[in-house]
1. When A:A119 is evaluated against the numbered criteria (1) among the small types (G, A, S); (2) closer than 23 Å to A:L95 by Cβ; (3) buried (at least 18 other Cβ atoms within 10 Å of the Cβ), which criterion, by number, is the only one it fails?
2. What is the one condition in (1) touching an Asp or Glu at 6+ places or on another chain (Cβ under 9 Å); (2) buried (at least 22 other Cβ atoms within 10 Å of the Cβ); (3) under 17 Å from B:I22 (Cα atoms) that B:F258 does not satisfy?
3. Please specify each residue of the stretch B:26-39 satisfying the condition of being more than 12 Å from chain A (Cβ to nearest Cβ) and farther than 30 Å from B:G239 by Cβ.
4. Could we say that B:A186 is touching a helix residue (DSSP H, G or I) at 6+ places or on another chain (Cβ under 9 Å), of a type in the set (A, V, I, L, M) and surrounded by fewer than 17 Cβ atoms within 10 Å (Cβ to Cβ) here?
5. Need the failing condition index for B:A227 against (1) surrounded by 15 or more Cβ atoms within 10 Å (Cβ to Cβ); (2) at pLDDT 90 or above; (3) closer than 30 Å to B:A186 by Cα, just the number.
6. Among the listed residues B:A212, B:A262, identify the single one that is modelled with pLDDT of 95 or more, under 30 Å from B:R182 (Cα atoms) and among the small types (G, A, S).
7. Tell me, which strands (runs of 3 or more DSSP E) wholly within the stretch B:31-149 include 3 or more residues that are at pLDDT 95 or above, outside the structural domain of B:G263 (by TED's automatic domain parsing) and of a type in the set (D, E, K, R)?
8. Across the stretch B:226-278, what is the total count of residues that are in contact with a Gly (Cβ under 7 Å, 6 or more places away or on another chain) and aliphatic (A, V, I, L, M)?
Number of protein chains: 2
Amino acid sequence: MHAVSGPVTPPTAPRRAPRIGIFDSGVGGLTVQRALLAALPHADTLYLGDTARVPYGTKSAETVTQYSLRTARFLLGEGIDLLVVACNTASAVALPALRQALPVPVFGVVEPGARAAAAATRGGRVGVIGTPGTVASGAYQAALQAARPGLEVVARACPLFVPLAEEGWTDPADEVVRGVVRRYLAPLAAAAVDTLVLGCTHYPLLEEAIAAALPGVVLVDSARTVAAEVAALLGEPPGPAWPAGVHRFFVTDAPARFLAVAGRFLGRPVEAAEHVDV
Amino acid sequence: MHAVSGPVTPPTAPRRAPRIGIFDSGVGGLTVQRALLAALPHADTLYLGDTARVPYGTKSAETVTQYSLRTARFLLGEGIDLLVVACNTASAVALPALRQALPVPVFGVVEPGARAAAAATRGGRVGVIGTPGTVASGAYQAALQAARPGLEVVARACPLFVPLAEEGWTDPADEVVRGVVRRYLAPLAAAAVDTLVLGCTHYPLLEEAIAAALPGVVLVDSARTVAAEVAALLGEPPGPAWPAGVHRFFVTDAPARFLAVAGRFLGRPVEAAEHVDV
C-alpha cells in the first residue's frame, strides 16, 4: 500500500448527482425547471421562489439585485453546483452582481433567449415582451444586438399578463384574454416582427393566446435553450440506470399559495415547499 | 413669580400641528391621504409606501404582519402622533399586532368601511371586493356582522383591478376594463347587493367602471370615513390662520415609479419621496 495525499475517488464509486439551484421571484420559474428536468432527469434541484417579495418586474434594479443576492446565497449554502436565474427581471439586472458574488456558474435566461431569437428570425425583426423592469433594463435589446448586430427590436412591457396567468385566464377564446393580449401586442403586429421572445416565465401559459394574436410569428421561450446550455455544461448522466433526481422547493412566504398553482407551472405535482426567511 | 414643576405651555404659544403617519403597501394609500388632507388641512403627514414589497394582497397574514410592524416602527421613530393603516390587507390582518406594538392610536380602514356600509345598506345585502388576502382574512365579513348582525355579505377577490388601475386602464367604455369588471362583479350582481365596499385603496380609480356594472348600488370608499374618525380624535385646528401641513413621502423601493403615478392617486403633485430601507 502506498500513502496517497489529497482526496481520491475509487473508479467504481458512484458520483454524486449534479445539484442545480433555480431561483425565481415566485412560481413562474417552474416553467424553466420543467425544461431542466426534461433535459437532465438525473439532476437534483433546489428551487427557491421569493414569494414574499414577488413581483420583481415592477421594482428597481437596485432592489432586485439586493434580493437576488440574498436568495442566491441561501441556495449556495445548500451546496448547489450551479445556479439558474429563472427570473427574467433578475437575469436582466442582477446577473453581473451574482456572477461576481458566487463561486459557481450562473446562468440567466436573457442571453439564451436572445441567442435563440437571433437564430430564429428570418426577416431580422424581433419582438420582446416582458415585465416593466425587464423591458426598461434594455437587457434583451442589448443581448439581441450582441447575438446578431443590426436586428430591429421592438420591446413592450405587458404588466397584466402575470395576473392573467395566475388567475388562470389564459383561454385564447376568452374575450378579456384576447382584448388584453391584442392591446399589448398591437405595436409588435404593426412592426411586423417575425419572432417574439416570451421574456417572462409566466408568459408560456399565455402562449396560445399570443400565437393567435400574432399568426405566423415564431415564439421563443428561453427555458429550453437554458436547459440545453446547462445540460451541455454538466454532460450526460453516467448511465441509463442513474436514479431520478431529488427536488426540493423553498419559498419566502407561506407555502399554501405557491403549492396551489405550482403543479400547473411545473407540469407535475409539487407536494411540499419549505418556508425560509432569506 | 412662583416656581412651577413639570412642563408648562404658555397659553399663547403655538401648538405643534398633529403629525399623522400613513402606511400602505404602495401608492394606493394616497387615496386615503387625500381624504385626510381634505378633512385636516393643518396636519403634518408622513406617508410610507412599502414599494419594495408591494403587493401585500397576495401574501400570507404572517408576512404582511411582519412588514407592517417594520414600517410602523419607522414612522414611530419619526414622531407620529397616530398611525393610519391605509392598506386594506394590512388593516385586515395586522391591526391587532400593530395596536399591541405601538404606543399611539392606530386606525385601520376595514372597520370604518364596514360601519359606513352597514349604515348605507337598505336591503341588508352588502358586497365586498378586495385583494385575495383581504377577502381570505374574512375581516370585512366579521366587521360587517359586528356593525349590524344579520347582514348578508358577498365577498369577491379581484386581483386584476390593481394592475388595471396602475396601467391607467380605468375608462368604463374600455372593452377590457368592462370585461374584467363585469366578470368579477357578476356574482355580486346576481346576489343583488345594494351596497358595495371598495375594499382596496386602488379601487376608487375604477369607481366609474364599477358603478356602470352595478347600477343603483351604493359604493363605499372607507377613506372618507377614516378621515372623519381621525378628525374627530384630533379636533379642530386652533384657528383659521393655522398654516397648511407639511407632507413627507417615504418609499422602500427607488422613488421613480412611485413619483410617476403618485399625483394621480393623491390628486395633487408629489414632488419628492425619500428612499428608506426598513
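The values are calculated or read from the model by the stated rules, or taken from the named source; none is laboratory data. Not measured: the values here are computed from a predicted model. In this analysis, Cβ positions are derived from the backbone assuming ideal geometry, glycine residues included, and neighbour counts consider all displayed protein chains.
1. Single failed check for A:A119: (3).
2. (1)
3. Passing the criteria: only B:G28.
4. Taking the combined requirement at face value, the residue satisfies it.
5. (3)
6. B:A212
7. Strands (runs of 3 or more DSSP E) meeting the threshold: none at all.
8. 2
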